[in-house]
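*Asks:* Have a look at the structure that comes next, please.
No value in this document is a laboratory result; all are computed from the given coordinates. These figures come from a predicted structure and were not determined experimentally. So basically every Cβ, Gly included, is an ideal-geometry build from the backbone, and we count neighbours across all protein chains shown.
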């Protein structure tokens, strides 16, 4: 099977704990991902809300260096996709693809030139905020607060440089301000349906439909707290969110944004080796093979072929 995941925090956790990407006790490793015939993974460098200015950028640089070292150590099995040419390459030789994102716009420190710095290092996606405030705007904890003047100027510059805008974690007001400013498709890498689980990190139906109509993507988050209120979240809850988005016309929009190693996932899923079990559950649920392929791989792959 083929699998494309828009968000995991694995490389941040590896760097923090001195762990190896090849094999570790985390939710994602190269050994575990060997269960896929083809695997494309966005690795997120997470910037804590407490970091600002030079400290935030220095933290990025540290994790980035660790990321490059891990890829160099495993060059036969995974390749860093920096440019569209890398993404479209047929020189696979059994290698999978790592793409890089930053989760938390505090890394920019309110300086537009830092975006170019990140872009030169292969960052192709920026999650504008985490849960709190930064120089770009407010996270979901302040739903009525939106983008700053810097944040409003940043959106067209990200589009010009080819860095995809990610609105997961962004406040509701910020979401609508991005939608008004954006000329190109934008995405929510790891967000679920608020109608199914009423958490502020999840998307409203209106937000989902705007992403749908703009040609964007929504990655289903496996975090238990975003799947179901209260205890007992399981893989069946993942299907509840997918079903809801499909009912809104999301066949070409929905993909996976697991949040492995950044969130507690259902026990019956476990880690990335549980994704084939999720695929089997989709089939038992009545999804066609073509739809399953779209959800697990094609929707994301086609989006980045068009938009990188």
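*Asks:* Round to a whole angstrom and tell me the spacing of the C-alpha centers of the stretch 148-165 and the stretch 254-308.
*Replies:* Cα centres, the stretch 148-165 to the stretch 254-308: 29 Å.
*Asks:* Quick one: length gained pulling residue 183 to residue 243 fully straight, 0.36 nm per residue minus the C-alpha distance?
*Replies:* Values: separation 60, 0.36 × 60 = 21.60 nm, distance 2.87 nm.
That pair, residue 183 and residue 243, stretches by 18.7 nm at full extension.
*Asks:* With just the Cα atoms of the stretch 100-161, tell me how far they stretch along each of the three principal axes, in Å, largest first.
*Replies:* 33, 21, 17
*Asks:* Once the Cβ-Cβ distance between residue 160 and residue 25 is put in as r, and R0 is 41 Å, what FRET efficiency do you end up with, to the nearest 0.05? Don't skip to the answer; put the middle values down first.
*Replies:* On the way: r = 41 Å, r/R0 = 1.00.
So, using R0 = 41 Å, E works out to roughly 0.50.
*Asks:* At a Förster distance of 30 Å, what's the computed FRET efficiency of residue 149 paired with residue 49, Cβ-Cβ distance as r, to 0.05? Write down the numbers at each step before the final one.
*Replies:* Working: r = 20 Å, r/R0 = 0.67.
Step by step, r from the Cβ atoms, then E = 0.90.
*Asks:* Quick check: the distance between the Cα centres of the stretch 170-236 and the stretch 31-88, to the nearest angstrom?
*Replies:* Taking the Cα centre of the stretch 31-88 as reference, the centre of the stretch 170-236 is 24 Å away.
*Asks:* Averaging sequence separations of C-alpha pairs under 8 Å and six or more residues apart, then dividing by the length of the chain, give the relative contact order as a whole percent.
*Replies:* 18 percent
*Asks:* Where does the chain land at 222 nm, in deg cm²/dmol rounded to the nearest 500, when only DSSP H runs of n ≥ 4 count, each adding -39500 (n - 2.57), divided by all residues?
*Replies:* Rounded to the nearest 500, the figure is -11000 deg cm²/dmol.
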